[in-house]
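J.: Can you read through this structure? Questions will come right after.
Taken together, the values in this text are just the output of simple stated rules run on the coordinates, not laboratory data. All figures in this text were calculated on a predicted structure; none of them were measured in a lab. We place every Cβ from the backbone using ideal geometry, glycine too, and count neighbours over all the protein chains shown.
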Amino acid sequence: MIRTEILATGIYVPPNLVKNDDLKEMMDTSDEWIRQRTGIEQRYWADENTSTSDLALEAAKKALENAKIDKSELDMIIVATLSPDHEFPGTACFLQKKLGVPGIPALDVRQQCTGFIYSMSIADQFIKTGMYKKILVVGAELHSKGLEKNQNGREVAVLFGDGAGAAVLAAKDVKDLKNDSYIYSTHLHADGNFAEELWVPGPGTGNGPQRVNDSKMNEGYHFPKMNGKTVFMNAVKRMPEAVMEALNANGLKIEDIDLFIFHQANLRINDMVAKQFNIPEEKVFNTIQKFANTTAATLPIGMDEAVRAGKLKKGMLVASAAFGSGFTWGSTIYRY
Ligand code: ACO
């Protein structure tokens with residue numbers, strides 16, 4: 001039976017370390033406020049000449065190296081990002097050019113914090129139907145150029161970091177459904193009624209006669225706007241729902257899962273999800289302290305870091321869930 005295996009991952013974060021205290025030069029904030037509310041201790045921000053596809057390229061090269069496959073074997077590239085290099089074409093096309101694999105399909109996914117789960121799901125469907133055998137799935141974000149780094153934007157600006165994570169997904173002839181490594185299932189959701197609770201209003205065609213509007217630009221419509229409390233309240237509801245959906249779909253219980261790798265928006269969100277299910281602390285792998293919220297990149301970064309920390313080993317059963325702008329949310333269970 002053809003199923004999808006996660007062959008290997010790779011990550012890249014830019015070299016500039018930004019500690020919470022460094023943000024005090026830009027806005028009225030404190031290390032204490034940020035740690036208490038979010039768990040974030042630091043983040044990495046790229047320099048001015050870097051683009052999202054540059055981060056994606058480095059993560060992709062590492063994933064290919066770790067998977068021991070040549071780029072010529074790839075059948076498709078999927079890139080999840082909310083911070084694209086340009087409005088069009090998609091960042092997957094720029095990554096494709098930099099990676100040097102012309103000809104294969106290159107697809108962008110715009111599902112923000114749930115982007116990596118959506119991308120995994122798309123790749124999984126292409127592989128299970130037999131259309132493709134090896135797909136590079138990347139989550140990459142360069143938030144730092146898009147944040148309002150002053151008093152106006154402080155509620156959002158402190159939350160985000162830059163980084164990329166990539167995974168090589170490949171077809172596998174699964175013989176033993178209980179013990180082989182493969183993606184068991186993916187579960188996707190969205191509710192556009194909440195689209196304006198966490199969004200970047202412009203530039204865009206939804207802003208009246210002009211796509212780019214100078215006066216709205218002066219008001220900062222190109223910076224992210226967030227209703228933090230609404231996001232938080234929905235995240236702590238939707239993420240557990242998504243975990244339960246994945247468990248039920250596979251006839252599994254919380255105790256069957258070896259490791260939980262959740263999206264990294266706020267440590268308090270993940271602690272509340274873990275508490276609802278009585279998941280022991282050692283079974284939840286968080287990276288937000290080190291990287292902040294890298295949106296579409298948090299899950300592959302989590303996988304890769306967990307492997308290198310010795311927390312995620314071949315054969316372990318993993319559950320992941322994410323929630324974010326859209327609102328979008330989803331989950332997956334896979335045996336690594
Ligand atoms: N430093 C200091 N004070 C700040 C900061 C800051 N960086 N930002 C806001 N404040 C102030 C506010 O002005 C407000 O002050 P006031 O009470 O005088 O008006 C106060 O702190 C708000 O504090 P709290 O009510 O304690 O804040 P809350 O507990 O809501 O935490 C937070 C805020 C961390 C943003 C929280 O709402 C949150 O994490 N929400 C979810 C965020 C999230 O998941 N985002 C997903 C993004 S990912 C994606 O899809 C793109």
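J.: Taking the chain as a Gaussian network, Cα atoms linked when under 10 Å apart, which of 154, 268, 211 shows the biggest mean-square fluctuation?
T.: Of 154, 268, 211, the Gaussian network model singles out 211 as fluctuating most.
J.: Charges at C-beta only: +1 for Lys and Arg, -1 for Asp and Glu. How large is the resulting dipole of the chain about its Cα centre, in Debye rounded to 20? Mind showing how you got there, number by number?
T.: On the way: 38 positive and 42 negative charges, 144 e Å.
About 700 debye.
J.: Which one of 51, 76, 132 has its Cα pushed farthest toward the positive end of the charge dipole of the chain, where Lys and Arg give +1 and Asp and Glu give -1 at the Cβ?
T.: Ranked along the dipole, the leading option is 132.
J.: Same structure, new question: For a Förster distance of 30 Å, can you work out the FRET efficiency between the beta-carbons of residue 249 and residue 173, rounded to the nearest 0.05? Working shown, then result.
T.: Numbers: r = 22 Å, r/R0 = 0.74.
Efficiency at R0 = 30 Å is approximately 0.85.
J.: While we're looking at this one, here's another question. Once you've got the GNM for the chain with C-alpha springs shorter than 10 Å, pick whichever of 61, 225, 178 has the biggest mean-square fluctuation.
T.: Ranking 61, 225, 178 by mean-square fluctuation puts 178 first.
J.: With Cβ to Cβ distances under 15 Å as the rule, what net charge do the other residues near residue 31 carry (K, R +1; D, E -1)? Could the numbers behind the result be given before it?
T.: Details: positive: 19, 24, 35, 37, 43, 154, 290; negative: 21, 22, 25, 28, 32, 41.
That works out to +1.
J.: Can you pull the one-decimal nm distance between simple spin-label points at residue 155 and residue 225, each 7 Å off the Cα toward Cβ?
T.: 1.2
J.: Quick one: P(r) of the chain from all Cα-Cα pairs, 10 Å bins, percents rounded to integers, in order of increasing distance.
T.: 6, 27, 36, 23, 7, 1, 0
J.: Now, a different point. Between residue 65 and residue 180, how high is the FRET efficiency from 1/(1 + (r/R0)^6) when r is the Cβ-Cβ distance and R₀ = 25 Å? Nearest 0.05.
T.: Numbers: r = 24 Å, r/R0 = 0.96.
It comes out at approximately 0.55.
J.: Just to confirm my numbers, what's the Cα centroid distance between the range 16-35 and the range 133-194 in Å?
T.: 25
J.: If you plug each phi of the range 269-282 into the Karplus form 6.51 cos²θ - 1.76 cosθ + 1.60 with θ = phi - 60°, what whole-Hz ³J(HN,Hα) values come out, in order, with x for Gly and Pro?
T.: Those phi angles translate into 4, 5, 5, 5, 5, 4, 5, 4, 9, 6, 7, x, 3, 6 Hz.
J.: Using Cα pairs closer than 8 Å and at least 6 residues apart in sequence, work out the relative contact order for the chain, in percent. Each step should come with its number before you reach the end.
T.: Numbers: 794 pairs, mean separation 86.3, N = 336.
The normalised contact order for the chain reaches 26 percent.
J.: Just to be sure I understand: with springs between alpha-carbon atoms less than 10 Å apart, which residue in 45, 33, 199 has the highest mean-square fluctuation in the Gaussian network model of the chain?
T.: Maximum fluctuation in the GNM of the chain, among the listed residues, is at 33.
J.: Based on DSSP, what percent of beta bridges with both residues in the chain are antiparallel, to the nearest 5? Display every interim value, and only then the final one.
T.: Values: 39 of 54 bridges.
Here the antiparallel bridges make up roughly 70 percent for the chain.
J.: Then there is this: Just the number, please: Stokes-Einstein D of the range 2-173 in µm²/s, Kirkwood Rh from C-alpha pairs, 25 °C, 0.890 mPa s. Walk me through the numbers before you get to the answer.
T.: Values: Rh = 16.8 Å.
Approximately 146 µm²/s, per Stokes-Einstein.
J.: Something else now. Under 24 Å between alpha carbons: how many lysine pairs meet that in the range 183-335, if sequence neighbours fewer than 8 apart on the same chain are excluded?
T.: So the count works out to 22.
J.: Another question, if that's okay. Could you tell me the calculated FRET efficiency between residue 200 and residue 32, based on Cβ-Cβ distance and R0 = 41 angstrom, to the nearest 0.05?
T.: Numbers: r = 29 Å, r/R0 = 0.70.
Plugging the Cβ-Cβ distance into 1/(1 + (r/R0)^6) gives 0.90.
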